[in-house]
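Undergrad: Quick one: the structure is below, questions incoming.
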Amino acid sequence: MQKYWAATTQERRKKLMPFFWSTIVEKGQLYGNRDLGNKVNVRNNFWFSYPGRAETITGYFDPKINSNSYPDNPNINVFEFMNQQKGYTGKVATFASWDAVVRIVNRNRNKMPLINPYEKVTGTGLTEAQQLANEIQDFLPKEHGEEERWDMNTMPLPKLILLPNILKWCISTSGTWMYWHMVAGMTITWKLHGIPTR
């Protein structure tokens, strides 16, 4: 506990998550600090995963998206837009801990790289790290079946597999263990331009 203790909240969070609170804060973008008056509120009245995540990446609420089993999201999202910009084509990727993300991002339409739970990295000449990432997920307990992978296995994938310029991480273990009435899951999105990775 002493290792992570400091006089202020700002100091404590930097000790606990130094990369997040130094590199990402300085070179990326963070939204939703209510203490600073930066409120990121959803407009949808459902307050659960699929509708909330769809609203977050499209920028508006679609009342037709009303369940976690909704089919492919019909709305264009910010990642598709970025993927169409000069210099970003093929440099946008999503790594997900929840299988619904493939429908929320709509990989069927946009064909952008998206690694969903228990999907394997494919291709010729996989690195040792990529092979390990493929293999290790089969040895972790599947608490929620095939639809959800532990975040601890999703988090290192971008660094092991590829380093895109635009990254969307969809982690969900924190949400899964919350009470049923709370919003499940978290989305961390930031622009990776110029962020050192090693």
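The values are calculated or read from the model by the stated rules, or taken from the named source; none is laboratory data. From a predicted model like this one, the values you see are computed outputs, not experimental measurements. Cβ sites come from the backbone with ideal geometry, for glycine too, and all protein chains shown count toward neighbours.
Undergrad: Which of the residues spanning segment 52-69 are free of Cβ contacts under 8 Å to residues at least 60 places away in the same chain and either charged (D, E, K, R) or under 12 Å from Val105 (Cα atoms) (or both)?
TA: Listed by number, the residues that qualify are Ala54, Glu55, Thr58, Asp62, Lys64.
Undergrad: Also, quick follow-up: Every residue in segment 125-135 that is modelled with pLDDT under 85 and closer than 18 Å to Ser97 by Cα, please.
TA: Of everything in segment 125-135, those that are modelled with pLDDT under 85 and closer than 18 Å to Ser97 by Cα turn out to be Gln130, Leu132, Ala133, Asn134.
Undergrad: Right, Asp99: touching a residue at least 12 places away in the same chain (Cβ under 8 Å) and surrounded by fewer than 17 Cβ atoms within 10 Å (Cβ to Cβ) or not?
TA: So Asp99 fails the test.
Undergrad: Here is a follow-up. Take Asn134 and tell me if it is surrounded by fewer than 20 Cβ atoms within 10 Å (Cβ to Cβ), outside any helix (DSSP H, G or I) and out of contact with any strand residue (DSSP E or B) (no Cβ under 8 Å at 6 or more places or on another chain).
TA: On the way: surrounded by fewer than 20 Cβ atoms within 10 Å (Cβ to Cβ): yes; outside any helix (DSSP H, G or I): no; out of contact with any strand residue (DSSP E or B) (no Cβ under 8 Å at 6 or more places or on another chain): yes.
Answer is no for this residue.
Undergrad: Could you check Thr94 against (1) without any contact (Cβ under 8 Å) to a residue 40 or more places away in the chain; (2) touching a Lys or Arg at 6+ places or on another chain (Cβ under 6 Å) and say which number it fails?
TA: Condition not satisfied by Thr94: (1).
The rows are residues; the columns are (1) on the phi > 0 side of the Ramachandran plot; (2) outside the structural domain of Asp99 (by TED's automatic domain parsing); (3) touching a helix residue (DSSP H, G or I) at 6+ places or on another chain (Cβ under 9 Å).
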residue	(1), (2), (3)
Tyr4	no, yes, yes
Lys15	no, yes, yes
Pro18	no, yes, no
Ser22	no, yes, yes
Lys27	no, yes, no
Gly32	yes, yes, no
Asn44	no, yes, yes
Asn66	no, yes, yes
Ser69	no, yes, yes
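Undergrad: Inspect all residues belonging to segment 117-130 and state whether any of them is in contact with a helix residue (DSSP H, G or I) (Cβ under 7 Å, 6 or more places away or on another chain) and assigned to a helix (DSSP H, G or I).
TA: Filtering segment 117-130 down to residues in contact with a helix residue (DSSP H, G or I) (Cβ under 7 Å, 6 or more places away or on another chain) leaves 117-118, 120-121, 129-130.
With assigned to a helix (DSSP H, G or I) added as a condition, the list becomes 129-130.
Yes - at least one qualifying residue is present in segment 117-130.
Undergrad: Name every residue in segment 4-39 that is in contact (Cβ under 8 Å) with a residue 60 or more places away in the chain, assigned to a loop (DSSP other than H, G, I, E, B) and surrounded by 10 or more Cβ atoms within 10 Å (Cβ to Cβ), in order of residue number.
TA: Initial filter on segment 4-39 (in contact (Cβ under 8 Å) with a residue 60 or more places away in the chain): 23-24, 27-30.
Still in the list and also assigned to a loop (DSSP other than H, G, I, E, B): 28-30.
Gly28, Leu30 - these are the residues of segment 4-39 that are in contact (Cβ under 8 Å) with a residue 60 or more places away in the chain, assigned to a loop (DSSP other than H, G, I, E, B) and surrounded by 10 or more Cβ atoms within 10 Å (Cβ to Cβ).
Undergrad: Leu162 is checked against (1) aliphatic (A, V, I, L, M); (2) touching a strand residue (DSSP E or B) at 6+ places or on another chain (Cβ under 9 Å); (3) modelled with pLDDT of 70 or more and fails just one. What number does that condition carry?
TA: Unmet for Leu162, out of (1) aliphatic (A, V, I, L, M); (2) touching a strand residue (DSSP E or B) at 6+ places or on another chain (Cβ under 9 Å); (3) modelled with pLDDT of 70 or more: (3).
Undergrad: Something else about it: If a residue has to be aromatic (Phe, Trp, Tyr) and in contact with a Phe, Trp or Tyr (Cβ under 7 Å, 6 or more places away or on another chain) to count, how many in segment 78-114 make the cut?
TA: Going residue by residue through segment 78-114, those that are aromatic (Phe, Trp, Tyr) are 79, 81, 88, 95, 98.
Now narrow it down to the ones that are in contact with a Phe, Trp or Tyr (Cβ under 7 Å, 6 or more places away or on another chain): 95.
Looking only at that region, the number is 1.
Undergrad: Okay, next question. Any idea which of Val42, Val102 is out of contact with any Lys or Arg (no Cβ under 8 Å at 6 or more places or on another chain), β-branched (Val, Ile, Thr) and part of a loop (DSSP other than H, G, I, E, B)?
TA: Val42
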